[in-house]
1. Let me confirm something: among Val92, Val18, Val99, which residue is open to solvent by less than 30 Å² (accessible area, probe 1.4 Å) and of a type in the set (A, V, I, L, M, F, W, C)?
2. List pairs: first residue in segment 121-139 and farther than 16 Å from Val76 by Cα, second residue among the basic types (Lys, Arg) and open to solvent by 20 Å² or more (accessible area, probe 1.4 Å) anywhere in the structure, Cβ distance under 9 angstrom, at least six positions apart or on different chains.
3. Looking at this structure, is Ile47 assigned to a helix (DSSP H, G or I), open to solvent by 20 Å² or more (accessible area, probe 1.4 Å) and without any contact (Cβ under 8 Å) to a residue 40 or more places away in the chain?
4. If I filter segment 135-144 for residues that are under 15 Å from the mean Cα position of the chain (by Cα) and of a type in the set (A, V, I, L, M, F, W, C), do I get at least one hit?
5. Considering only segment 81-102, state which residues are touching a residue at least 12 places away in the same chain (Cβ under 8 Å), aliphatic (A, V, I, L, M) and in contact with a helix residue (DSSP H, G or I) (Cβ under 7 Å, 6 or more places away or on another chain).
6. If we keep just the residues of segment 39-67 that are among the hydroxyl-bearing types (Ser, Thr, Tyr) and farther than 15 Å from Met114 by Cα, which is nearest to the chain's Cα centre (by Cα)?
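The values are calculated or read from the model by the stated rules, or taken from the named source; none is laboratory data. Only a predicted model underlies this, so the values are computations on that prediction, with no experimental measurement involved. Quick reminder, even Gly has a Cβ in these numbers, built from the backbone with ideal geometry, and neighbours come from all protein chains shown. Please note that ligands, DNA and RNA were not included when accessible areas were found on the heavy atoms of the full protein model with its side chains. Shrake-Rupley method; radii C 1.70, N 1.55, O 1.52, S 1.80 Å.
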Amino acid sequence: MTIPNLITMLRVVLVPAVVMAMLQARWDWAFACFVVAGISDGVDGFIARRFNQQSRFGAYLDPIADKLLLVSVFVVMGIIGQLPLWLVVTMVSRDALIVCAVLLSTAMAHPVEMKPLLVSKANTAVQIVLAAVVLGELAFAVHLDPLRPGLILLSGVLTVASAAAYLVAWLRHMSGYGEGGKSG
């Protein structure tokens, strides 16, 4: 167990704290926990690289912790009306489709190596900023118009673009399966 893995597990533990704070309209706590989780994501990555504490467990746990936090925050924001449901459904559907594609290719003995695409990294960054903006608006009783609507639109576009890019990559990978050809 490495220090970065412990920090990542702390981030997982923060997810229910953020959700509970949101459900109780404790926006100051929700925002603070979200910011701590975000900072911890950078810190664990820095420590892992700087002190050669990278691990296979951490390589799997880190993106799971990130997705767990973002999906939980987006779902709660959708339920309480702070984000449009179309965006939440699009985001959750994209993530579910990616997981299903990975599981299907693995079950078919043709596992796909998941590498984050540039559009996916941009999508995640915009989603983090959007979540922070909404939580910040609620915590500090401010309105950052037109920032929120712009981030919602950009997040929706990037989510669809990311899903399409992963689908194309997965289809290319799977296209040679069962035909004796190599995937590429």
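1. Values: Val92 fails: open to solvent by less than 30 Å² (accessible area, probe 1.4 Å); Val99 fails: open to solvent by less than 30 Å² (accessible area, probe 1.4 Å).
After applying the criteria, what remains is Val18.
2. Within 9 Å, the pairs are Thr124/Lys67.
3. Numbers: assigned to a helix (DSSP H, G or I): yes; open to solvent by 20 Å² or more (accessible area, probe 1.4 Å): yes; without any contact (Cβ under 8 Å) to a residue 40 or more places away in the chain: no.
For Ile47, the condition - assigned to a helix (DSSP H, G or I), open to solvent by 20 Å² or more (accessible area, probe 1.4 Å) and without any contact (Cβ under 8 Å) to a residue 40 or more places away in the chain - is not met.
4. Here is the first cut: in segment 135-144, the ones under 15 Å from the mean Cα position of the chain (by Cα) are none.
No; the residues of segment 135-144 include none that is under 15 Å from the mean Cα position of the chain (by Cα) and of a type in the set (A, V, I, L, M, F, W, C).
5. Leu83, Leu87, Val88, Met91, Val92, Leu97, Ile98, Ala101
6. Of all residues in segment 39-67, those among the hydroxyl-bearing types (Ser, Thr, Tyr) come to 40, 55, 60.
Of the ones still in play, those that are also farther than 15 Å from Met114 by Cα are 40, 55.
Working: Ser40: 15, Ser55: 20 Å.
Among those that are among the hydroxyl-bearing types (Ser, Thr, Tyr) and farther than 15 Å from Met114 by Cα, it is Ser40.
Every residue, every condition in (1) under 26 Å from Gly156 (Cα atoms); (2) out of contact with any Pro (no Cβ under 6 Å at 6 or more places or on another chain); (3) open to solvent by less than 70 Å² (accessible area, probe 1.4 Å); (4) hydrophobic (A, V, I, L, M, F, W, C), yes or no:
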site	(1), (2), (3), (4)
Tyr60	yes, yes, no, no
Leu69	yes, yes, yes, yes
Ser72	yes, yes, yes, no
Ile79	yes, yes, no, yes
